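Colleague: Below is a structure I'd like to ask you about.
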Ligand code: GRG
């Protein structure tokens with residue numbers, strides 16, 4: 001019987017341990033002096049905390065093809081490093097200007113703004129270094145496919161492009177569809193990439209890849225809807241933030257567009273879409289099923 005609580009806890013521990021090993025002066029410094037302050041800031045922004053949902057999705061998708069969790073860990077770690085960089089930069093005064101993240105001071109508060117920018121840059125760059133190293137996968141073609149996927153998820157056509165649209169949308173005037181597109185890029189694209197990277201590790205055929213892509217797109221919508229709902233229903237403490245209320249900050253959210261009740265209905269339907277996309281897979285996809293359900297029920 002699949003046990004979601006055990007899977008997410010085991011994944012979080014594996015990610016924490018592997019990140020701790022990756023983010024060291026021995027691994028990250030060049031020929032010059034060790035970049036101590038930079039590495040400390042990268043560690044602050046990525047260790048201790050975080051649900052590690054994206055590495056979980058990589059491992060759960062890979063599991064369908066019998067790829068063991070340890071063989072999916074480095075790809076998951078690369079996605080998590082990109083995610084952590086995005087949070088560090090998103091918290092900066094020029095963006096969301098948050099003082100707390102995961103219940104601790106944000107990187108620019110614990111260090112300074114310039115160091116926080118560089119810590120994000122460092123995590124982003126090293127993520128691609130990790131994906132392209134044999135430590136991640138023995139086959140160069142698989143490594144290139146993983147890099148391509150993470151570029152699609154995190155770059156201008158994905159997360160970074162979505163963040164830009166979000167900033168542009170703060171002036172108001174986005175339709176519901178435009179908000180959905182912005183969110184699909186800003187948060188959905190990295191979730192989509194995580195699932196597809198697991199499928200790539202497993203050598204998925206085009207049909208399986210397309211079914212998993214449909215799952216990931218629905219799961220990404222569910223994740224963002226839940227986030228928008230929590231933004232108006234949860235206390236900032238529960239979210240580990242100093243301030244909540246993205247809508248109050250002028251952020252375009254679906255709750256702001258359609259209201260809380262309709263957003264909740266939409267969330268249920270979206271989770272069902274995610275589950276339907278997995279219908280051709282057997283019990284090996286139970287992890288992905290549980291994660292989609294978790295997205296609808298999470299409290300932080
Ligand atoms: C600054 C390039 C750049 C991008 C920022 C993803 C993003 C784009 C900003 C994050 C802002 C935000 C809070 C978006 C809502 C969805 C989200 C990514 C929530 C945090 O993800 P979780 O719940 O966080 O997976 P943990 O802490 O568990 O890792």
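Colleague: Ranking request for peptides 38-44, 9-15: highest mean number of other beta-carbon atoms within 10 Å first, then the rest in descending order.
Modeller: Ranking, from highest mean packing down: 38-44, 9-15.
Colleague: Next question. Based on other C-beta atoms within 10 Å, arrange 85, 2, 294 from fewest to most.
Modeller: Ordered by Cβ neighbours within 10 Å, fewest first: 2, 294, 85.
Colleague: Who wins for biggest fluctuation among 158, 169, 282 in a Gaussian network model of the chain, springs between alpha carbons below 10 Å?
Modeller: In the Gaussian network model the winner is 282.
Colleague: A further question follows. Hey, fewest Cβ within 10 Å first, where do 91, 99 land in order?
Modeller: Final ranking by Cβ density, sparse to dense: 99, 91.
Colleague: I'm a student and want to see the number: the projected area of the Cα convex hull of the chain, averaged over all directions, in nm².
Modeller: 14.7 nm²
Colleague: To continue, here is another question. Per DSSP H run of at least 4 residues, take -39500 (n - 2.57); add these up for the chain, divide by its residues and hand me the 222 nm value, nearest 500 deg cm²/dmol.
Modeller: -21500 deg cm²/dmol
Colleague: Quick one: among 77, 23, 201, which has the greatest mean-square fluctuation in a GNM of the chain with alpha-carbon springs under 10 angstrom?
Modeller: 23
All of the numbers you see were taken from the coordinates with simple rules; none came from a lab. Owing to the predicted nature of the structure, the values given are computational and were not obtained by experimental measurement. Cβ coordinates were reconstructed from backbone atoms using ideal geometry, including for glycine residues, and neighbour counts include every protein chain displayed.
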